[in-house]
Amino acid sequence: MKESLHEYIKVGLVHFMAYPTCMGGEGPIVESLSHLAQDPFFEVMEVTRAKDPHVMKQMRSIAEQAKLELVFGAQPVCLGGGLNLNHPDSAERAKAIEALKNAIDQAESLGSKSVGVLSGKVSDDKDYAKQRLVDSLKQLCAYANTKGMSVALETFDQVPFGKNCLIGPTKDAVEVSAAVRKEHANFGLMLDLSHLPLIGETSEHALKTAGEHLVHVHVGNCAMDDPKHPAYGDNHPRFGAPGTRNDVPELAEFLKVLLEMGYLSTRERKIVSFEVKPMPGESSEAIVAGSKRAVLDAWRRI
């Protein structure tokens, strides 16, 4: 593509993955966000909760000063708390719903207009589990709607060395999304290039199956061939790291399909966020810079 990447995409970064010590709501949140906010390459930062209310205020202030859009990722809230929106026990499911309503409150305090969530673990009663998930998501969408916000369900793998989530295959995700959207327009799906090899789907199959349900996109990498690999499973190593699945050619194919299906256009620029995590001995700043070079290279190949 000869036209600028930024003519089509609002480029984002999943902050808490690039700086994993911040994932639990502590660590150098303000310092790292301040550093990233100075880079005009990024228009969006995907952040998660901070335990200190003062830090939350600082995060919003930094974003406002830098004209940076904040998106709230509640995935660490779900995973860190062992929350399950499709849990067979009603009390456990209620606990997850309440925790995510609180996450929506936190997102609102940051000025975010959307919240990302994920399903719970795979269970034997798959059809009933999907019904429970739909019910939970409807409750979250109703609550988010009172604040003018939307909810995005991210698809994950179903492998024991990954997240092993109910959703899951894109086909199942669309079924869930269609059921939720019958009552709530403020809902859609989030797909991540990192997860596609783990799910066993190509970019073309996953993205075109998602179709109009797709509202948010992540790009990254995974390692799934060697259990001894330091990023084995769903751990988002840098693009092209030895023993991993995604590099510039895979990223170019993913972006090409997004263009073909009209998800990316100059009429309405949508978010595409890097989700990369440093492996032991690696630098957050270096892998972020490497991701920028990877996407610019991929864009040139389309």
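Every number here is computed from the coordinates shown, using simple stated rules; none is lab data. Quick caveat, the model's predicted, so the values are computed rather than measured. Don't worry about glycine lacking a Cβ; one is built from the backbone with ideal geometry, like all the others, and counts go over all protein chains shown.
Here's how it looks for G243: its modeled amide H is under 5 Å from none belonging to a residue 5 or more places away or on a different chain. Full extension of the chain segment joining R60 with K147 gains 29.6 nm, where the gain is 0.36 nm per residue of separation less the Cα-Cα distance. Of the candidates F187, F42, F274, which one comes out as most mobile in a Gaussian network treatment of the chain with C-alpha springs shorter than 10 Å? Residue with maximal mean-square fluctuation among F187, F42, F274: F42. If only the Cβ of Lys and Arg carry +1 and only the Cβ of Asp and Glu carry -1, the dipole of segment 179-256 around its Cα centre is close to 140 debye.
Across segment 40-50, rounded Karplus estimates of 3J(HN,Hα) from the backbone phi angles (6.51 cos²θ - 1.76 cosθ + 1.60, θ = phi - 60°) give x, 4, 9, 10, 9, 10, 9, 10, 10, 5, 10 Hz, Gly and Pro being marked x. The peptide list 264-270, 221-227, put in order of mean Cβ contacts within 10 Å with the highest first, becomes 221-227, 264-270.
For S114, the amide hydrogen comes within under 5 Å of the amide hydrogens of F72, S150, counting only partners 5 or more places away or on other chains and with H modelled in the peptide plane.
Computed over the chain with a Gaussian network model linking Cα atoms closer than 10 Å, the most mobile of E108, E183, E253 is E183.
Both radii come from the Cα set of the chain: Rg as radius of gyration, Rh as Kirkwood radius; their ratio Rg/Rh reads 0.93. Note on the chain: GNM, Cα springs under 10 Å; of K121, K277, K147, the largest mean-square fluctuation is that of K147. The charge dipole of segment 5-301, taken about the Cα centre with unit charges on the Cβ atoms of Lys, Arg (+1) and Asp, Glu (-1), comes to about 480 debye, rounded to the nearest 20. For the pair A99 and K171 in one chain, pulling the backbone fully straight at 0.36 nm per residue adds 23.2 nm over the alpha carbon distance.
Between V159 and E260, residue separation times 0.36 nm minus the direct Cα-Cα distance comes to 33.4 nm. For segment 207-212, the Karplus equation 6.51 cos²θ - 1.76 cosθ + 1.60, evaluated at θ = phi - 60°, returns couplings of 5, 6, 5, 5, x, 5 Hz by residue, with Gly and Pro reported as x. Considering only beta bridges that DSSP places wholly inside segment 5-301, some 5 percent are antiparallel.
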